[in-house]
Structure formats: structure tokens, C-alpha cells
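Here is the structure we will look at, set down as C-alpha cells.
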Amino acid sequence: MASDGPLRLTVIIGSTRIGRAGDAVGHWFAERARCRDDLAVEVLDLAGYTFPGCYPAAATPAMRGFTAAVGDAEAFVVVTPEYNRSFPASLKQAIDFAYDEWQAKPVGFVAYGSGSAGLYAVEHLRTVFCALHAVTMRDWVGLDLLGEGFEGCGRPRDTDDRLRAIAAMLDQLTWWGRALRDARRAQPYVS
């Protein structure tokens, strides 16, 4: 892909619970991101993967497929709920399946929760991605499930504040994504 081509952005839906809001929130966000010409957006839904309950001696096909998708992406937006003031175990498990594939790539967040709009989940994820040598975006999109602004099926309603938050995060993500893409091409990242 040419250096000036669209950035390959993968939106990761991190909840696998039955009745989750994550799929509606993730697809709502992806639709907004696809409005930008500088991004090529893919959605990766963890509910579509059958991961093992225990870490196996050898990677399973689902683990290899997930890791390959992470490796192909140039930037990420993680869509996460806040469960018990953190993010779900299904997301942590998936993140841990990859390592080098996250390095020197930018990560943004869309979080949702009751009251805190997912703040605690985002702060915990920042620590995890820092340990993986990824760059997290300062701005993020937070949705309060107890507030107004949701349509049927848990789909967020567009508001001026939400659209501004999305634009700010995607502007940062795109800048970092292009800069890091060029840097990885000039010199492989060494951790």
C-alpha cells in the first residue's frame, strides 16, 4: 500500500456477552469512520471467534486468525464496555494472543458504561497497550448507557458532542497511524 493510501483501521468489538450493546455501538462507530476517505475500515467482532478457555500449548486457528488480523491492521479502535470498573476478560484474552502485531501502532477507544461512560475500562486498556508498545490516543469516545441519546437496540444517537469526539480521536489516530506506518517502513520497530 502506498504511503499516502488510506490507513487500515480495524474496529475491535470487545464484548462477547449475549444481549451486549457492543455490536450496535461498534457498527455505529464504524459507519462514522467510513465517512473518511483517509481510512479503510474493517470490523473485527470477538463474538465471531471461538477462543479456548485455557491458553493452549499451540495456537488454535481462531487465535492465528485474530493475530493475523491484528498484524494486517495499521491502527485500531477498541469498542469496550465497562464491566466492574474495567474491561471484559474476553477482550484481555484476545489482546494477549498478539504481541508484536500491536507494536508501534495507534489505538483509540470507544467505551460505554453506566455512569462513567467507560472511563475506567479505557484507563485500564491504556496500561495494557502501553506494555505492548502501542500508542494510545488522548481523546476517546465515551457513552453513558444511563443517559439519553440511544435509539432502539442500544444504538447511539448522533449528537454534536459525540461527532466532535469521534472526529478528534480519528484525527489523532490518523496522524499517528501515518507517522508510525512511515516509521515502521523506514526502520523496523525494536522492543
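Do you know which residues across region 1-30 are of a type in the set (Asp, Glu) and more than 14 Å from the chain's Cα centre (by Cα)?
Restricting attention to region 1-30, the residues satisfying the condition of being of a type in the set (Asp, Glu) are 4, 23.
Within region 1-30, just Asp4 meets the criteria.
Which of (1) modelled with pLDDT of 95 or more; (2) among the charged types (D, E, K, R); (3) over 26 Å from Arg162 (Cα atoms); (4) part of a loop (DSSP other than H, G, I, E, B) is the odd one out, the single condition Arg36 does not satisfy?
All conditions are met except number (3).
What are the residues in region 164-181 that are open to solvent by 70 Å² or more (accessible area, probe 1.4 Å) and either in contact (Cβ under 8 Å) with a residue 12 or more places away in the chain or at positive phi (or both), if any?
Quick first cut of region 164-181, residues open to solvent by 70 Å² or more (accessible area, probe 1.4 Å) only: 164, 171, 175-176, 178.
Those that are open to solvent by 70 Å² or more (accessible area, probe 1.4 Å) and either in contact (Cβ under 8 Å) with a residue 12 or more places away in the chain or at positive phi (or both): Trp176, Arg178.
Name the single residue that is surrounded by the fewest Cβ atoms within 10 Å (Cβ to Cβ) among those in region 115-144 being touching a strand residue (DSSP E or B) at 6+ places or on another chain (Cβ under 7 Å), part of a loop (DSSP other than H, G, I, E, B) and of a type outside the set (A, V, I, L, M).
The qualifying residue surrounded by the fewest Cβ atoms within 10 Å (Cβ to Cβ) is Gly115.
Considering (1) farther than 14 Å from Gly22 by Cα; (2) among the hydrophobic types (A, V, I, L, M, F, W, C); (3) open to solvent by less than 20 Å² (accessible area, probe 1.4 Å), say which one Val78 fails and leave the rest.
Here Val78 clears every test but (1).
Does at least one position in region 54-68 carry a residue that is of a type in the set (Gly, Ala, Ser), under 20 Å from Lys105 (Cβ atoms), outside any loop (DSSP other than H, G, I, E, B) and out of contact with any strand residue (DSSP E or B) (no Cβ under 9 Å at 6 or more places or on another chain)? Walk me through how you get there before you give the answer.
Within region 54-68, the subset of a type in the set (Gly, Ala, Ser) is 57-59, 62, 65, 68.
Filter once more, keeping what is under 20 Å from Lys105 (Cβ atoms): 65, 68.
Checking which are outside any loop (DSSP other than H, G, I, E, B) leaves us with 65, 68.
Filter once more, keeping what is out of contact with any strand residue (DSSP E or B) (no Cβ under 9 Å at 6 or more places or on another chain): 65, 68.
Within region 54-68 (the criterion being of a type in the set (Gly, Ala, Ser), under 20 Å from Lys105 (Cβ atoms), outside any loop (DSSP other than H, G, I, E, B) and out of contact with any strand residue (DSSP E or B) (no Cβ under 9 Å at 6 or more places or on another chain)), the answer is yes, since at least one residue qualifies.
Taking only region 162-190 into account, find how many residues are more than 15 Å from Arg8 (Cα to Cα) and in contact with an Asp or Glu (Cβ under 8 Å, 6 or more places away or on another chain).
3
Can you tell me which condition Arg157 does not meet? The list is (1) of a type in the set (D, E, K, R); (2) open to solvent by less than 60 Å² (accessible area, probe 1.4 Å); (3) free of Cβ contacts under 8 Å to residues at least 24 places away in the same chain, and all the others hold.
(2)
Within the set of pairs 6 or more residues apart or between chains, which connect a residue that is on the phi > 0 side of the Ramachandran plot and buried (at least 19 other Cβ atoms within 10 Å of the Cβ) inside region 10-38 to a residue that is β-branched (Val, Ile, Thr) and not in a loop (DSSP other than H, G, I, E, B) with Cβ atoms less than 6 Å apart?
Matching pairs, first to second residue: none at all.
Failed condition for Tyr83, given (1) within 14 Å of the chain's Cα centre (by Cα); (2) touching a residue at least 24 places away in the same chain (Cβ under 8 Å), with all others met?
That leaves (1) as the condition not met.
The values are calculated or read from the model by the stated rules, or taken from the named source; none is laboratory data. Values in this document were obtained by computation on a predicted structure and should not be read as measured data. Neighbour counts are summed over all protein chains in view; Cβ atoms, including those assigned to glycine, are modelled from backbone coordinates with ideal geometry. Note: areas computed on protein heavy atoms with side chains; ligands, DNA, RNA excluded. Shrake-Rupley method; radii C 1.70, N 1.55, O 1.52, S 1.80 Å.
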